[in-house]
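See below for the structure under consideration.
Please treat every number below as a calculation from the coordinates, not as lab data. Everything quoted here is computed from the prediction, not taken from an experiment. Here the Cβ is made from the backbone with ideal geometry for all residues, glycine too, and neighbour counts use every protein chain on show.
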Amino acid sequence: MKKLTLLLFVALMFSCGGMRYGSDAENKRFANNFMVNEGMTKQEVVNIMGNPVASEFDSGVEEFHYCKTGWGADDYVSFYFKDGKVISKTSYNVTFSEVGTAGHCSKFIKRGTYRTPDRVVEIRATIN
């Protein structure tokens, strides 16, 4: 009985080890984030990354969020635009233990290790 239980446990571990979360398209799109460079337009970013899972704007700065759902943690990248061009990029992750639940990564944007880049904070704080 112990051997059978051990055998089933090992089989389960190997079958889960190859599992990926998120769609293949989501994973491929997220992997392209290194191709985005400062100065690119929003349209160039969309051509590379696809449509963002969320976008926001504040004080003339727009932010696009992309994510990849993972096992135990989700990965994120945010691009910041001023006057329609990339001015900054930040990566962060959110773990299951930080949110206490599972689901598609789009539910947990701006949690975990998220931090607005200093350059963006400086632009948002500028008074005309």
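Below, the figures for the structure above:
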| item | result |
| --- | --- |
| Close pairs (7 angstrom Cβ cut-off, 6 or more residues apart or separate chains): on the phi > 0 side of the Ramachandran plot in the range 58-86, surrounded by fewer than 17 Cβ atoms within 10 Å (Cβ to Cβ) anywhere | Ser59/Arg124; Gly60/Lys82; Gly72/Thr95; Gly72/Phe96; Gly84/Thr41; Gly84/Lys42 |
| Test: Ser78 is closer than 20 Å to Ala31 by Cβ and assigned to a helix (DSSP H, G or I) | no |
| Tabulated pairs, the range 21-41, first among the basic types (Lys, Arg), second not in a loop (DSSP other than H, G, I, E, B), C-beta under 9 angstrom, 6+ apart or interchain | Arg29/Ile48; Arg29/Met49; Arg29/Tyr66; Arg29/Lys68 |
| Selection status of Ser78, among the polar types (S, T, N, Q) and loosely packed, with under 15 Cβ neighbours inside 10 Å | no |
| Matching residues, the range 87-128, being farther than 18 Å from Asp74 by Cβ and among the aliphatic types (A, V, I, L, M) | Ile87, Val120, Val121, Ile123, Ala125, Ile127 |
| The range 48-58, residues that are polar (S, T, N, Q) and surrounded by 12 or more Cβ atoms within 10 Å (Cβ to Cβ) | Ser55 |
| Residues within the range 86-120 that are exposed (fewer than 14 other Cβ atoms within 10 Å of the Cβ) and either of a type in the set (S, T, N, Q) or not in a loop (DSSP other than H, G, I, E, B) (or both), tallied | 7 |
| Complete set of residues in the range 64-74 that are part of a strand (DSSP E or B) and either under 16 Å from Gly50 (Cα atoms) or touching an Asp or Glu at 6+ places or on another chain (Cβ under 8 Å) (or both) | Phe64, His65, Tyr66, Cys67, Lys68 |
| From the options Ser97, Ser88, residue that is over 12 Å from the mean Cα position of the chain (by Cα), among the small types (Gly, Ala, Ser) and under 16 Å from Val120 (Cα atoms) | Ser88 |
